[in-house]
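K.L.:
Before I ask anything, let me first share the structure, which is written out below as structure tokens.
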Amino acid sequence: MLFSYLRDRSMILLGLVFSYVVMAATAILIFIEQELSIPYGALFYVFLLGVFFLAVGTAIDYVRQRSFRIQLKKQLESDSDPLQSGYALASAEPCTKEQEWWVDLILAMNQKYEESLQQMTDKEKQQQTFTNQWIHQMKTPVSVISLLIQEGKQHPGPDFMYQLLNDIEEENETFSSGLDRMLQLSRLEAFSTDMKSEKVDLKSFLTEIINREKRQFIKRRIFPKLNIPDTLIVFSDKKWLDVVITQILQNALKYSVQGEGKEIWITGKEERPNTISLSITDFGQGIPDYDLPRIFDPFYTGSNGRTQKEATGMGLYIAKMVCDQLGHHLTAQSEEKRFTSLTIEFTSLTLHR
């Protein structure tokens, strides 16, 4: 420990000793030039005195830093948690500004590491929870399809087969939706490498999505009412924006009053300069006030979601995460048993150009 301390300061110590030698030599030259007798004893005494005070100062400084250096070496050689190193060094009371800076740096790095580790742990738990939940929910359509097939074998006939195929198709849609959700969640991890900014014509974009979901509109006897100007353009990633709007639209279909000819309003407008909003509003169950603040939380299904066997509580969470990544602002308004409206706000600060 002492050897390493002296080695770290060898250049300073050698420099000071060399300066004493130079000063002694200078004094001798002055005495020679003045033709005076040289007091070698006195000069040697002064030299030794300087070396003595240098040694005393070095010893005091070593004792002052010894506890910190011992603690530092102990942390390097021990098998203890590296995340505790900063706290252990801080407890050793750093006595120089440099040591304080190193301790502050280590503590800051530990904090960043702990935050990153916690985020990774939370994501892993979230992924595991969703996977377990998804597997559990997918068991239902598997069982239903198996029962339908067995029943179809026992009751052949065109009318029964038509209903049977419809039932199987419905369960298959549940499968497809669950697989899409699983894929979207896994792709969120690499969002930044899977993003492309482009112009999006909202009216034509929404028309494509509505046409893709038209069978659900017809089946549920719900009618889309599109009210978007032809010239309304936003900047976004089409693929991810499709994920968001499709999820919101599917929720609106799911929680609307079924079979009564209700409408879903899809409205786009320029709220103010450089700000465009897109709202999807259904007139169905609505969301209770106590559920509304939590609808974007992962795995939160709320009282309405518990009535839907395929509800995972991940759809709006994914939609919110995607909007945040794209720079869009997703909000919700609702009144129970009256309406629910999800609004995406696009601004000039959004992903563009």
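No value in this document is a laboratory result; all are computed from the given coordinates. Keep in mind that what you see is a predicted model, and the values were worked out from it rather than measured. Cβ sites come from the backbone with ideal geometry, for glycine too, and all protein chains shown count toward neighbours.
K.L.:
Applying a 10 Å radius around every beta-carbon, put 51-61, 316-326, 231-241 in order of their mean neighbour count, most first.
P.N.:
Highest-to-lowest ranking by the protection proxy: 316-326, 231-241, 51-61.
K.L.:
Ile218 to Met120: FRET efficiency via 1/(1 + (r/R0)^6), r the Cβ-Cβ distance, R0 45 Å, to the nearest 0.05?
P.N.:
Using R0 = 45 Å, I get an efficiency of 0.50.
K.L.:
Another question, then. If each residue of separation counts as 0.36 nm, what is the full-extension length gain between Lys262 and Met195 once their alpha-carbon separation is subtracted?
P.N.:
20.5 nm
K.L.:
Positive end of the charge dipole of the range 229-335 (Lys, Arg +1 and Asp, Glu -1 on Cβ, about the Cα centre): tell me which of Ile280, Ser236, Gly315 has its Cα farthest that way.
P.N.:
Working it through, the farthest residue towards the positive pole turns out to be Gly315.
K.L.:
Express the relative contact order of the range 170-308 as a whole percentage, based on alpha carbon pairs under 8 Å and six or more residues apart in sequence. Can you show the working numbers first?
P.N.:
Values: 145 pairs, mean separation 29.3, N = 139.
RCO, the range 170-308: 21 percent.
K.L.:
Among the lysines, which have Cα under 17 Å from the Cα of Lys320 when same-chain residues fewer than 8 positions away are ignored?
P.N.:
Lys123, Lys238, Lys239
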